[in-house]
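The values are calculated or read from the model by the stated rules, or taken from the named source; none is laboratory data. None of the values given here were measured: they were computed from a predicted structure. Methodologically, a virtual Cβ is constructed for each residue, glycine included, from the backbone with ideal geometry; neighbour enumeration extends over all protein chains shown.
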Ligand SMILES: Cc1cc2nc3c(=O)[nH]c(=O)nc-3n(C[C@H](O)[C@H](O)[C@H](O)COP(=O)(O)OP(=O)(O)OC[C@H]3O[C@@H](n4cnc5c(N)ncnc54)[C@H](O)[C@@H]3O)c2cc1C
Ligand code: SF4
Ligand code: SF4
């Protein structure tokens, strides 16, 4: 009969001695896991996606969501997931979908890199006592700087437009549509309050977000949703999106159900229609085409704002980045294989692209070799989990990083990876008004701000330890890094020595 | 007259979990322990909240502690009274005779009949005993917040 | 002779409210309150609870002695204000004392109407009215002394039924005699009356309608029996006469102060004579619904009027917006709340919505899509919202269907109005 039952991924455990029948879980779960039956609460583990919302709300701690053991006889080659994916596909004939970033066990290079600290020969710096500069400028830097000779110092060189950030951490592109307006507001407000940038993604700029537009990097993607003159004028920088780490080479698809009135208005497409971002930009088939678009956008913004390009980290990332810089981009965004998404085919997400650590290193090296590193900033994205990851990325050569998943976790995300269902219990990846109100943007902004603050403090501590007092001095300073358990090729690509080797 | 602290309702953030009621009941129970209050105490206290929900809009409403409170004017026993030191409108269960004049008068409809031990009116006392309203403290989304006379937010940590 | 800035005649609902209001504005000006009753304070509606044994004498007060002390009020009890000289700005009491005033509030309330009945003048014991604590005490004493087991109550209005309730709670079997064809004819509609009447019956009370007492039979001064207009006679070892109250106008009758059914007052509760105010059951003030002036003898109205009078007497100008009849009573275990016009004249553009189920009856009266009256019987939760809708004159056309629904609440109100209510800081004065 070749028909198999799915096994629940999670087991919902309820401690009946603690359950007071308040039914908070029943009311709150958007997956309808819990139900009230005269004087008892029952749970259908099959429906549980493991978002832990009920567990966090249950006032008595009666609920525990546990991962269920695969019932399949797994072996080294066949994991339970592999088997169930096949069963699912045999049932539906469809592409497997998922959300968030790649979760496969590719080598975690950040986890194999360690940082340096000063001892005796050069003193470390106490960030609580001495100034510590995290201010970061994104944009092209001039070849030479000419200073006038008059008594007053005078800068003769015209500096290209810059983004001034108080910390080298920005919020990555997450469009209104893929995430809720409240989630956008939370990040936008936190970015403004802290003095960094957020990114509109390809969803346009909702009018409620205009108070935060002065720190918005506005994206121009292949769907060109919501792009017009006001949109370009509103933001502080423009980002052309070519690719995304979670799904390099493929386009985007926001289903019509996630295009209610407000989303439709912001994206400037009819309500309820699927918002399709084509895989390529249909006007870009070469670096020359890209150059045209870059300069069209610079022209449109009167050369007042940095214009950058975002690509997924793929095999040829270094030469591509070089071409982008030569095409006139003021910054290049590289999104690694761990980069998140609201929806992607599982197999693409898990198998296409390269780790961000390697990408940063090879791009930085390449641009240096070609003598054009100054022309553009490098922004790295994709899976940054902590301030240490950020420090390592900058030492490898990035100017700043984008955080997406980490920011959403600050807003409540528990990584259930079901963003594409639109049923996000935490009110983040959904447009359902019943769910979006669960994310109070005041709280969201406060938490996202706290995350920026905490990471920035930690970065200062680490810098101080290395005896460095400005993030500028860390950039591409690979001597501060050492590999642990990496082979020669890896060390060479990363441009770092193995732990144990002195300068 | 002193203006009382007030609970401001922000319906756009009410998720409809109704935890406010759970914590209100707990706070007004004998044991003040959530599990004991729910599983052991009879009669269970009535919550001071009217939870309203329709479609995706919901909110938890409790006594507004009006400046010019109609319930105070309507109460025939003086059970409903203004606490001079805090400005709150409070209710003395001992004096109450359950005539429901207050239910008739309150334009917010927030006085509830309590048919527990004795038939009396019941309403929000801003958790005067605990100094900080339990519903506000436990609202997971800050859909109900406490403000002072000037309308400034009061946080639990500050109390 | 004493002189006080504020003189208040009548120490009940309206009088007390006025004291509170005056003190909110003027913390010092001397206040004197005169009452012909000999009790520091008690709540009139509680006399039936007292009679029924549900409230002790100590608990009768709705403001205690300390209230008067705290507010620096000179209380003159057990003396009646007999003469008012508005030229000389003074009031003469039954013991001859004269009190001069700066501002005077007449809050003398109402007094029971006693319809003509043959033989009543011969009765010295056993016939009572029921508006004062002394009445309740009298009845209670009489029941005890004479081991009264049954009684006749004349009048099935609010007071009559409350007296009935108190008596039943004392184990007395009551027969109610009512001239109208139903009980509570002034406040309720036919359906609600019928429900309550049935409940009274279940409680062991008899209700005789469309009849009245024409003769009272007594022996040795004690009432024994009543003879009805229909000829029927009822054994009546106790008779309670409760056919209504009328404003207590004695004090103003020989003065230039105008009165109609009650003392007529303007929006500031001022009478036709300067510095003389009136409030409560004695006053005839603006009726919110009709716009005319009328006497609405219920507690919340008396309280509000007293407060408005107090504020204005002390110099804070506040307008009385007018109120409407409203009541909350529980009879035979059934809570009932009513507002405004509950039995509108037919046609005339009124719209009526009703709902009846096992444990409740609800009725809404609309005129031009605005609420003008309502009855809630059985389930009374959230009834107050309707009083707000009446007062704020809200157009209910957009949520008319919801008015009678089980989960009626603020949420069905137009978003703007609701937001103002729930987001705001309570009612603006
Ligand atoms: C038995 C009963 C039950 C009631 N139940 C309710 C109820 O459930 N709900 C409701 O809304 N209303 C009820 N009422 C009506 C309510 O009590 C009155 O509307 C309210 O008390 C009116 O207050 P007032 O201050 O105007 O007058 P009153 O309460 O009548 O007080 C007037 C006072 O002035 C005194 N006085 C009069 N003349 C003089 C004078 N010349 N000199 C000195 N003193 C004088 C009187 O003795 C009295 O103490 C009830 C009334 C009665 C009698
Ligand atoms: S019970 Fe109602 S009328 Fe009284 S203070 Fe509270 S909200 Fe105001
Ligand atoms: S029910 Fe209690 S609090 Fe309410 S009016 Fe009556 S006596 Fe006062």
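Condition first: in contact with a helix residue (DSSP H, G or I) (Cβ under 7 Å, 6 or more places away or on another chain), more than 16 Å from ligand 1 (Cβ to nearest atom) and either at pLDDT below 90 or at the interface with chain B (Cβ under 8 Å from one of its Cβ atoms) (or both). Now tell me which residues in the stretch C:382-408 satisfy that.
Listed by number, the list holds a single entry, C:385.
May I ask you to say which residue of C:68, C:50 is within 12 Å of ligand 1 (Cβ to nearest atom) and in contact (Cβ under 8 Å) with a residue 24 or more places away in the chain?
From the options C:68, C:50, the qualifying one is C:50.
Pick from the stretch B:99-116 the residues that are within 7 Å of chain C (Cβ to nearest Cβ) and closer than 18 Å to residue C:332 by Cα: which of them is farthest from ligand 2 (Cβ to nearest atom)?
Step by step, filter the stretch B:99-116, then rank; the result is B:99.
Consider residue A:311 carefully, then state whether it is crowded, with 18+ Cβ neighbours inside 10 Å, in the same structural domain as residue A:241 (by TED's automatic domain parsing) and assigned to a helix (DSSP H, G or I).
Here the answer is no, as residue A:311 does not meet what is asked.
Taking the conditions exactly as written (under 25 Å from residue B:56 (Cβ atoms), surrounded by 14 or more Cβ atoms within 10 Å (Cβ to Cβ) and free of Cβ contacts under 8 Å to residues at least 60 places away in the same chain), does residue A:58 satisfy them or not?
Here the answer is yes, as residue A:58 does meet what is asked.
Tell me the strands (runs of 3 or more DSSP E) entirely within the stretch A:13-127 that contain at least 3 residues that are more than 14 Å from chain B (Cβ to nearest Cβ).
In the stretch A:13-127, A:63-67, A:113-115 are the strands (runs of 3 or more DSSP E) which contain 3 or more residues that are more than 14 Å from chain B (Cβ to nearest Cβ).
Out of everything in the stretch C:296-320 that is in contact (Cβ under 8 Å) with a residue 60 or more places away in the chain, farther than 24 Å from residue C:87 by Cα and away from chain B (no Cβ under 11 Å), what residue ends up being farthest from ligand 1 (Cβ to nearest atom)?
Filtering first and then ranking leaves C:316.
Is it fair to say residue A:364 is within 27 Å of residue A:255 (Cα to Cα), touching a residue at least 24 places away in the same chain (Cβ under 8 Å), in the same structural domain as residue A:203 (by TED's automatic domain parsing) and touching a helix residue (DSSP H, G or I) at 6+ places or on another chain (Cβ under 8 Å)?
no
I'd like to check something: does the stretch A:114-130 contain any residue that is farther than 30 Å from residue A:218 by Cβ, surrounded by 11 or more Cβ atoms within 10 Å (Cβ to Cβ) and within 24 Å of the chain's Cα centre (by Cα)?
yes
Return yes or no: is residue A:383 part of a loop (DSSP other than H, G, I, E, B), touching a strand residue (DSSP E or B) at 6+ places or on another chain (Cβ under 8 Å), closer than 28 Å to residue A:410 by Cα and assigned by TED's automatic domain parsing to the domain that holds residue A:250?
Spelling it out, it is not the case that residue A:383 is part of a loop (DSSP other than H, G, I, E, B), touching a strand residue (DSSP E or B) at 6+ places or on another chain (Cβ under 8 Å), closer than 28 Å to residue A:410 by Cα and assigned by TED's automatic domain parsing to the domain that holds residue A:250.
Consider residue C:8 carefully, then state whether it is near ligand 1 (Cβ under 10 Å from one of its atoms) and within 21 Å of residue C:252 (Cβ to Cβ).
yes
Run residue A:386 past the list (1) over 17 Å from the mean Cα position of the chain (by Cα); (2) surrounded by fewer than 21 Cβ atoms within 10 Å (Cβ to Cβ) and report the number of the one that doesn't hold.
Only one criterion is unmet by residue A:386, namely (1).
Counting only residues that are part of a strand (DSSP E or B) and within 15 Å of ligand 2 (Cβ to nearest atom), how many does the stretch B:117-149 have?
4
Please determine whether any residue of the stretch B:92-103 is closer than 13 Å to residue C:382 by Cα, more than 7 Å from ligand 3 (Cβ to nearest atom) and either in a loop (DSSP other than H, G, I, E, B) or touching a residue at least 40 places away in the same chain (Cβ under 8 Å) (or both).
So far as the stretch B:92-103 goes, no, none of its residues is closer than 13 Å to residue C:382 by Cα, more than 7 Å from ligand 3 (Cβ to nearest atom) and either in a loop (DSSP other than H, G, I, E, B) or touching a residue at least 40 places away in the same chain (Cβ under 8 Å) (or both).
Could you check, for the stretch C:342-362, whether at least one of its residues is within 16 Å of ligand 2 (Cβ to nearest atom), in contact (Cβ under 8 Å) with a residue 24 or more places away in the chain and not in a strand (DSSP E or B)?
No, because not a single residue in the stretch C:342-362 is within 16 Å of ligand 2 (Cβ to nearest atom), in contact (Cβ under 8 Å) with a residue 24 or more places away in the chain and not in a strand (DSSP E or B).
Hey, any hits in the stretch B:95-112 for a residue that's over 22 Å from residue C:391 (Cα atoms), touching a helix residue (DSSP H, G or I) at 6+ places or on another chain (Cβ under 8 Å) and away from ligand 1 (no atom under 16 Å from the Cβ)?
No, the stretch B:95-112 has no match at all.
Would you confirm, using the coordinates I've provided, whether residue B:80 is under 24 Å from residue C:376 (Cα atoms), buried (at least 20 other Cβ atoms within 10 Å of the Cβ) and within 11 Å of ligand 2 (Cβ to nearest atom)?
yes
Against the definition (more than 20 Å from residue C:106 (Cα to Cα) and in contact with a strand residue (DSSP E or B) (Cβ under 7 Å, 6 or more places away or on another chain)), how does residue C:234 come out, yes or no?
yes
Among A:299, A:288, A:257, which is in contact (Cβ under 8 Å) with a residue 40 or more places away in the chain, assigned to a helix (DSSP H, G or I) and exposed (fewer than 14 other Cβ atoms within 10 Å of the Cβ)?
Answer to the check: A:257.
Which condition breaks for residue B:90 when tested against (1) more than 13 Å from the chain's Cα centre (by Cα); (2) more than 7 Å from chain C (Cβ to nearest Cβ); (3) more than 9 Å from ligand 2 (Cβ to nearest atom)?
The one condition residue B:90 does not meet is (1).
When the stretch B:117-134 is examined, which residues are found to be at negative phi and within 14 Å of chain C (Cβ to nearest Cβ)?
Residues satisfying the conditions are B:118, B:119, B:120, B:121, B:122, B:123, B:124.
Considering each of B:79, B:74 in turn, give the residue that is in contact (Cβ under 8 Å) with a residue 12 or more places away in the chain, more than 7 Å from chain C (Cβ to nearest Cβ) and near ligand 3 (Cβ under 9 Å from one of its atoms).
B:79
Only one residue in B:25, B:35 is over 17 Å from the mean Cα position of the chain (by Cα) and more than 14 Å from chain C (Cβ to nearest Cβ). Which one?
B:35
Looking at the structure I just gave you, is residue B:29 more than 20 Å from residue C:46 (Cα to Cα) and surrounded by fewer than 22 Cβ atoms within 10 Å (Cβ to Cβ)?
For residue B:29, the condition - more than 20 Å from residue C:46 (Cα to Cα) and surrounded by fewer than 22 Cβ atoms within 10 Å (Cβ to Cβ) - is met.
Looking at (1) farther than 30 Å from residue C:48 by Cβ; (2) within 11 Å of chain C (Cβ to nearest Cβ); (3) away from ligand 3 (no atom under 16 Å from the Cβ), which is the only condition residue B:68 fails?
(1)
Is it the case that some residue within the stretch A:408-429 is out of contact with any strand residue (DSSP E or B) (no Cβ under 6 Å at 6 or more places or on another chain), within 12 Å of another protein chain (Cβ to nearest Cβ), part of a loop (DSSP other than H, G, I, E, B) and within 25 Å of residue A:95 (Cβ to Cβ)?
Among the residues of the stretch A:408-429, at least one is out of contact with any strand residue (DSSP E or B) (no Cβ under 6 Å at 6 or more places or on another chain), within 12 Å of another protein chain (Cβ to nearest Cβ), part of a loop (DSSP other than H, G, I, E, B) and within 25 Å of residue A:95 (Cβ to Cβ), which makes the answer yes.
Among the listed residues A:411, A:463, A:396, which satisfies the condition of being more than 27 Å from residue A:125 (Cα to Cα), touching a residue at least 60 places away in the same chain (Cβ under 8 Å) and in the same structural domain as residue A:216 (by TED's automatic domain parsing)?
A:411
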